[in-house]
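Let me begin by presenting the structure, written as structure tokens, before commenting on it.
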Amino acid sequence: MTRRLLLAIAVLGVSMATAHAKSYSVTLPQPASIAGTELKPGQYTVELEGQQVTIKSGKTRISAPVKVETENNKFASTTVRYNNSEGKYKIQEIRLGGTKTRLVVNTGSEAKGGGF
């Protein structure tokens with residue numbers, strides 16, 4: 001009886017852990033902004049939870065609302081598409097590698113978080 005209870009708790013713990021956001025790795029080759037915050041070039045972790053994307057690197061953590069869209073085919077790698085306005089790059093969408101998921105960044109949104 002005790003073993004079954006422990007097994008049930010372990011299974012519940014594993015399923016709760018998988019419910020958290022999945023992360024993807026992306027490299028920004030040039031400075032770019034999202035939700036009004038500029039990110040320096042470098043390696044970042046991208047997490048999606050619901051309609052919210054979080055981009056992290058070290059102490060930097062920026063969240064922005066996104067529209068989640070599903071494409072017909074999987075993306076080979078995680079890539080970022082930009083809008084170049086007035087010589088500044090703004091992240092327009094993120095395509096998540098190994099999935100059919102495309103994240104379209106809501107324009108005019110305010111940043112949450114920081115770490116600069």
The stretch 48-85, residues that are basic (K, R), over 16 Å from L28 (Cα atoms) and surrounded by 12 or more Cβ atoms within 10 Å (Cβ to Cβ) | K74
How many residues are among the hydroxyl-bearing types (S, T, Y), closer than 14 Å to I91 by Cβ and surrounded by fewer than 16 Cβ atoms within 10 Å (Cβ to Cβ) if we restrict to the stretch 22-47?
-> 1
Select the strands (runs of 3 or more DSSP E) contained entirely in the stretch 22-116, then report the ones holding at least 1 residues which are in contact with a strand residue (DSSP E or B) (Cβ under 6 Å, 6 or more places away or on another chain) and among the charged types (D, E, K, R).
-> 42-49, 52-57, 60-70, 79-85, 88-95, 101-105, 112-114
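Hey, does the stretch 17-32 have a residue that's in contact with a Leu (Cβ under 8 Å, 6 or more places away or on another chain), over 16 Å from Y82 (Cα atoms) and modelled with pLDDT of 90 or more?
Yes; the residues of the stretch 17-32 include at least one that is in contact with a Leu (Cβ under 8 Å, 6 or more places away or on another chain), over 16 Å from Y82 (Cα atoms) and modelled with pLDDT of 90 or more.
The values are calculated or read from the model by the stated rules, or taken from the named source; none is laboratory data. These numbers come from a predicted model, not from an experiment. Using ideal geometry, Cβ is built from the backbone for each residue, glycine included, and neighbour counts are taken over all protein chains shown.
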